[in-house]
1. Only one of LYS164, LYS109 is among the basic types (Lys, Arg), at negative phi and at pLDDT 85 or above. Can you tell me which?
2. Keeping to segment 25-51, report how many residues are among the small types (Gly, Ala, Ser) and at pLDDT below 85.
3. List the number of the failed condition for PRO184; all other conditions in (1) assigned to a loop (DSSP other than H, G, I, E, B); (2) surrounded by fewer than 14 Cβ atoms within 10 Å (Cβ to Cβ); (3) modelled with pLDDT under 80 hold.
4. Tally the residues that are of a type in the set (D, E, K, R) and either closer than 23 Å to THR28 by Cβ or not assigned by TED's automatic domain parsing to the domain that holds ALA20 (or both), restricting the search to segment 68-92.
5. Is at least one residue of segment 19-30 assigned to a loop (DSSP other than H, G, I, E, B), loosely packed, with under 13 Cβ neighbours inside 10 Å and small (Gly, Ala, Ser)?
6. Out of (1) within 24 Å of LYS151 (Cβ to Cβ); (2) in a loop (DSSP other than H, G, I, E, B); (3) at pLDDT 85 or above, what's the single condition that is false for VAL135?
7. Just wondering, is there one or more residues in segment 54-64 that are assigned to a helix (DSSP H, G or I) and either of a type outside the set (Lys, Arg) or over 26 Å from the mean Cα position of the chain (by Cα) (or both)?
8. Could you please find all residues in segment 33-50 being assigned to a loop (DSSP other than H, G, I, E, B) and in contact with a strand residue (DSSP E or B) (Cβ under 9 Å, 6 or more places away or on another chain)?
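The values are calculated or read from the model by the stated rules, or taken from the named source; none is laboratory data. For clarity, every value in this text was computed on a predicted model and none was experimentally measured. Cβ placement follows ideal geometry from the backbone for every residue including glycine, while neighbour counts extend to all protein chains displayed.
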Amino acid sequence: MFINLDDQDNLVVLVDDDVAMHDLIKRTISKLNLTLLGATNSEKGMELIREIKPKLILLDVLMPGRDGWSLLKECKTDQDLKNIPVIMISQLNQSNLAASLGANDYLTKPIDRNHFVNTVKRILGNDTRDHKVLVIDDDKDVREILTRLLKDAGYRPIDARDGKEGLERTKDEPSLIILDLEMPRMDGFEFLDNYIKNVPEEKRSPVLVFSGKDLTEVQEELLKERVVGLVKKDDVSMENLSKMIQGIVTK
């Protein structure tokens, strides 16, 4: 492998088996005058890292063979590599997961205001009048953020701290339920079981799952045909990734 090292200070290495992620991040960091060099498997990734010793390393967590944590450990225990900053990327095939759930959209946290509101409007239509939206989430900050966004968009938000309280609030007959999966007392899966068991189909509200939980195949099957979509609470949006990189490379 021959690489021009004249601009070594501007080189970033991404190790990720998702080719689409390479294209996305390449466009993101090109705005920072950085050059992306990529590998789609762990072994080639380590070869590339050792050969060029880049300014920054981006590692996908989930890959076939050696995962990102293994590469991180190798980098941080190597005298020649340990001082190179590393950003871990939690890989999730967004389009496939969204499609498997029949999702209207796939969003990241921090929440993009316009994207979130547009997702709700796609489900309920543009006429926001008299539409109650029930937010079920044990995270007070999340409830407040979503409540504010919904209110600003013209909806009538109501909230609940867990699935059990959420079942009580369904008596208010909301037009949409926004549901977290991981909650105390009664989680999102238990809520769905009880809701479907006790509420006739013609009276049920559509459910939009809003969760940071990575789903197993079994859990995906449990959700399939029960929800209208998934809004993913993700730790890193492309905007935040760009800011993180900028903060590192400008130190």
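1. After applying the criteria, what remains is LYS164.
2. Total satisfying the criteria: 1.
3. (3)
4. 0
5. No, every residue in segment 19-30 fails to be assigned to a loop (DSSP other than H, G, I, E, B), loosely packed, with under 13 Cβ neighbours inside 10 Å and small (Gly, Ala, Ser).
6. Condition not satisfied by VAL135: (2).
7. no
8. LEU34, THR40, ASN41
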